[in-house]
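Any read-out appearing in this document is the output of simple, stated calculations on the displayed coordinates, not a laboratory observation. Values in this document were obtained by computation on a predicted structure and should not be read as measured data. Virtual Cβ from ideal backbone geometry, glycine too; neighbours counted across all protein chains shown.
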Amino acid sequence: MKFTKQITTIEYEDLQDFPTEESNYIEYKSSKVNLDNLKNKISVAASSFWNSGGGIFVAGVNDDGKVDGGIPSTKGRQGIRDWADKVIKMTEPLGEYEISIVEQSDNTPDIKEGNVVLLIRFYESDIPPHMAYDKKYYIRAGAHSDGATHFQVEALRALRQFTKPNIKGVLRNHPTKPRIEELLIVSINDAVALDTKLSFDPYPLALRDNFKNEFPLEIPVIDRNNPFRMDISGFGFREQAFGMDPVKLLLEYKDVLGNKYTTEQLISPHKNLQPMSIGEDVNERLVKAIEALAKKIR
């Protein structure tokens, strides 16, 4: 059974509907496991779930999914949510996850006073393999997290090239052409975007009259080494090229397996990059800047 709802919305009543046994998607840890041991088990679970398509880790319940008292709501002076967040970061690289707790109240007879049930959802990762606290890699095998073989680790690394492409648009003043705006479409991961179709809604002022029929533009390949560059005449003023309001950048593209993706992004004449120095490494520096921003948002 997979849960489609956000775990942050799960309440005590929802815990009663959890599966009665563990699987490749859900792992339980009893309240009898102390926090020092639980710390390591969370890191192993993070590695195995991120390496195996995602899953949910629940602490404070027994092996049949029934609440058996919960775990302490604090570790020293630290709240258990912050403690769990720190513990998850023992696994590298860090994938996407979500933490939630179900607190003790008058309506939670199976949770002891001062305790909580801790839930962590590990989302499917596009940057495997992930290494646990003990410098080992794990995968989910049924109801267990097993150590990954060398072959499996190499296979996980190979999966990176088949991950979903992640391309973004960045607007800036052209570094070498005065009074020209440059739109860059860059890839911020290792995946390749194929057969990209680019259009706007509404079209920028500089393109609305004479170039509207040229869209959507078709771009065969966009990857880290091959960004797309588009010059837009602004006569020295960004507002003359784009207008005063943001425009929507529309991108349709495929991955190497033929899966189709559609993204929308607001391009604002006031919130994109200002003039910047340029060299042969401009794309590399731009990608690093976007990646750093993405990590902060995550």
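Things to note:
- Across the cross-link table entries LYS177/LYS212; LYS135/LYS164; LYS32/LYS86; LYS197/LYS254; LYS32/LYS112; LYS39/LYS86, which are compared at the Cα atoms, the separations over 18 Å belong to LYS177/LYS212; LYS135/LYS164; LYS32/LYS86.
- Förster radius 51 Å - calculated FRET efficiency between ASP106 and ALA141 (Cβ-Cβ, nearest 0.05): 0.80
- Förster radius 25 Å - calculated FRET efficiency between LEU94 and THR263, Cβ distance, rounded to 0.05: 0.60
- At 1.567 mPa s and 4 °C, Stokes diffusion of the stretch 9-70 via Kirkwood alpha-carbon radius, µm² per second: 108
- Eigenvalues of the alpha-carbon gyration tensor of the stretch 7-160, scaled by 5 and square-rooted, set the equivalent ellipsoid semi-axes at 27, 16, 13 angstrom, largest first.
- Leading residue at positive end of dipole, the stretch 91-236 (Cβ point charges), from GLN152, ASN115, THR196: THR196
- Maximal additional length on extending the ARG208-LEU159 stretch stands at 13.5 nm, based on 0.36 nm per residue less the C-alpha distance.
- Cα centroid of the stretch 106-148 to Cα centroid of the stretch 191-235, whole Å: 43
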